[in-house]
Amino acid sequence: MTTITPHYRTIKGLLQTRSFAIDEYQREYKWERENIEELVTDLQTKFETDFRPGDPPKAASEYGDYFLGSIIVTQRGTKSYLVDGQQRVTSLTLLLIYLYREAQHRGLAVTSTVEPLIFSDDYGERKFNLDITERVPVLRALFNGEDFDAQGKDESIQTIVARYQDIEALDLAGELDDGLETFIYWLIGNVGLIEISAATDSHAYAIFETMNDRGKPLSPVDMLKAYLLGAIDDSESRANANRLWKKTVFELTSWAPNPDPERDATFVKAWLRAKYAGSTRERRAGAADKDWELIGTTFHRWVRDNAGRIPVGDGQRNLRLMTSEAPFFARAYRLILEASREYTPGLESVFYNAHNDFTWQPTVLLAPLNVGDSDETMRLKLAATATYLDIWVMRRAVNYIRVGYSSVSYAMWLLCRDIRNTCLSDLIDTLKAKLDEDEADVSLEGSSSRGRDGLEGLRLNQFSKRYIYHLLARLTAYTERCSGRPDPFGQLVDRSMKNPWDVEHIWADVHDRYIDECPTRQEFDEWRNHVAGLLLLPADVNRSYQDQPFDVKAPHYAKQNLYAASLTASAYQYQPQFVAFAAREGLSFEPFVQFGKEEQVKRRELVAELAQRVWDPARLDAYRS
């Protein structure tokens, strides 16, 4: 037994001056977006239970710890081979790279502490601590803030790029704001795991097989099931409840094309929050967790502790929950997952919110549903609520207002509370009233309380780039659809295509060409990056003509989507349905021979007109039965 040694390691203790590798036959890096999202949000939530604004980094040493489980390693020379744990170690490395870059951008001293957890100096050469040969180029590119084309690369490399983009999209640094440095010190010093070291490979794999094949601890979902079954006395009813519960769990965890053994727990959290969370933590540092937060961490205990306030506690109520309510909401949850992945007629807004990475969507969409709603009513409620979120999110996005997990948690609790169990007509009335009230302060035109200018001030930058991509795809798809063409939105945002769509600057990055209109580089960048000076084009077209002047680009724009082609005369000469659409809606489409400041100002008017139609609250009326 002396050849097997367990050690508790903090993140710093695990990664500093260490080099990890994996055997070639090990599986690929497989984490999905929801895995990364759960890790990041759990860490953030745990940190924020102790953090108070203004706490210095040293205060993190007094905060609570967070346990990440165990990994199994075997030592060969100077390298530690990961027998079990590469998913977590890879994900932690990506998170550390992101935090390093954000800290570096802000000039924080913690960068020098984080750097050796990502790579070490090997005789003057940078050696990444996740030392897997084929993955080093992508890690190096991410660390240096460089673009990396993962197309055609192996699965792990593509997944690494995708998960890093997910981490960026979660905007953890933005949500932490001035607490970023304190969070980093807490992460590397208070978050840890058990490293089980084996002297030989045979010992390591024996431990791995034992931990995964025997004595697997009950999951929170298992413990919830045991509690619910315990009150059902009739053996036949108990067997039926167990069968239906297992079927529900299996259909969730095995959902194609992305089976996930943790999806049942994610569903239960969304379901219980949507339907039963009656309270949430006060918005002050150090406040105690309430229903909304407790469901997110220990929902099996929360259900037991709240028997009576929710419909559990005796055999009949538990039976109904397991055989009627859970299957109903699980079916709705799977429909949300499907519509989030595939552009589905009637549920387009679910896809829009998923593309915008709005993490609270599944929870909120379950809130207005009632067991017994017909399939048609379920779909209409999902569509209406998703449409509300689409408008609510984009109003904030164009005003640089964060809509990340932590930033809007309280707002989403309020929304769930206000639309819970409503009939379809009341739901639509409530959502429209909320949008009317919201518009008094946050609209596409701006936010007076925050001093924001809305679309007029929307420019391409690190925060806005994914929202601008989404906005351009929506304007492009709307123009196509209203001109009698098929809706291309699903294709416009499909990054897995061989030739995906990219953001195109109408102005080339050649300041001298526009120096008379924009004497300074800053002014040039502000105009060049404005949303009205951008289009979506296929990547190969974008790369071929991006440095050319407008008069050279224009003939190529004419062959592309109608939103791009509308800059040229040919769209008005050869596209009668487009011309009819522009006239019918009174839109400021106009062709240009040149494209300077004056022309962009006109294009800004068009962007505003289109956006008002795309994100019009009147869309909600379409879902009245």
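For region 89-185, state the average projected area of the convex hull of the C-alpha atoms over all orientations, rounded to one decimal in nm². Hull-based average projected area comes out at 6.4 nm².
Note on the chain: with neighbouring protein chains present and a 1.4 Å probe, carbon and sulfur make up 48 percent of its accessible heavy-atom surface. Centre-to-centre separation between the Cα atoms of region 269-308 and those of region 418-488: 30 Å. Here LYS79 is the anchor, and the aspartates and glutamates within straight C-alpha reach of less than 12 Å, apart from those fewer than 8 places off in the same chain, are ASP23, ASP131. Under 17 Å Cα to Cα from LYS432, which aspartates and glutamates show up? Leave out anything in the same chain fewer than 8 places away. Result set, ordered by chain and number: ASP390, ASP418, ASP441, ASP616, ASP621.
Using a 1.4 angstrom probe on the protein heavy atoms only, could you order THR49, THR182 from most to least accessible area? Numbers along the way, then the final one.
Numbers: THR49 40, THR182 5 Å².
Per-residue accessible area, sorted high to low, gives THR49, THR182.
Can you tell me, using C-alpha contacts under 8 Å and at least 6 residues apart, the relative contact order of region 1-128 as a whole percent?
Details: 87 pairs, mean separation 40.1, N = 128.
Taking the mean separation of contacting Cα pairs over the length of region 1-128, I get 31 percent.
Which percent of the Cα-Cα distances in the chain go past 44 Å? Please report the intermediate quantities before stating the final value.
Values: 50922 of 195000 pairs.
Cα-Cα pairs of the chain separated by over 44 Å account for 26 percent.
Looking at region 430-503, which trypsin sites (Lys or Arg not before Pro) are in a loop (DSSP not H, G, I, E or B) and have at most 10 other Cβ atoms within 10 Å? Write out the running numbers ahead of the final one.
Values: sites: LYS432, LYS434, ARG450, ARG452, ARG459, LYS465, ARG466, ARG474, ARG481, ARG495, LYS498; in loops: ARG450, ARG495, LYS498.
Those that pass, being in a loop and sparsely packed, are LYS498.
List the longest stretch of the chain that has no exposed loop site; here a site is one of the GluC sites (Glu not before Pro) assigned by DSSP to anything other than H, G, I, E or B, with at most 16 other Cβ within 10 Å. All intermediate terms of the calculation are to be shown ahead of the outcome.
Numbers: sites that count: GLU24, GLU28, GLU146, GLU262, GLU282, GLU342, GLU517.
Within the chain, the longest run free of exposed GluC sites (Glu not before Pro) spans 343-516.
Projected label points at ALA239 and ARG76, each 7 Å from Cα along the beta carbon direction, are separated by 5.1 nanometres. Once the other residues with Cβ under 12 Å from the Cβ of ALA411 are scored (Lys, Arg +1; Asp, Glu -1), what is the net sum? Residues close to ALA411 contribute a combined charge of +3. The simple Förster model, with R0 at 25 Å and r as the Cβ-Cβ distance, assigns ALA226 and ARG334 a FRET efficiency of 0.55. For ARG584, the solvent-accessible surface with a 1.4 Å probe is about 150 Å², rounded to the nearest 10.
Hey, how much of the P(r) for region 400-474 falls beyond 19 Å, as a percent of Cα pairs? Let's see the in-between values first.
On the way: 1434 of 2775 pairs.
So the portion of pairs separated by more than 19 Å is 52 percent.
Summing +1 for each Lys or Arg and -1 for each Asp or Glu among the other residues whose beta-carbon sits under 13 angstrom from that of ALA60 gives -2. Summarising the overall dimensions of region 1-84 from its C-alpha atoms, the Rg and Dmax are 16.5, 48 angstrom.
The values are calculated or read from the model by the stated rules, or taken from the named source; none is laboratory data. The structure presented is a predicted model; accordingly, all values stated were derived computationally and were not measured. Note that each Cβ is placed from the backbone with ideal geometry, even for glycine, and that neighbours are counted across all protein chains shown. Remember, those area values only see protein heavy atoms, side chains included, never the ligands or the DNA or RNA. Shrake-Rupley method; radii C 1.70, N 1.55, O 1.52, S 1.80 Å.
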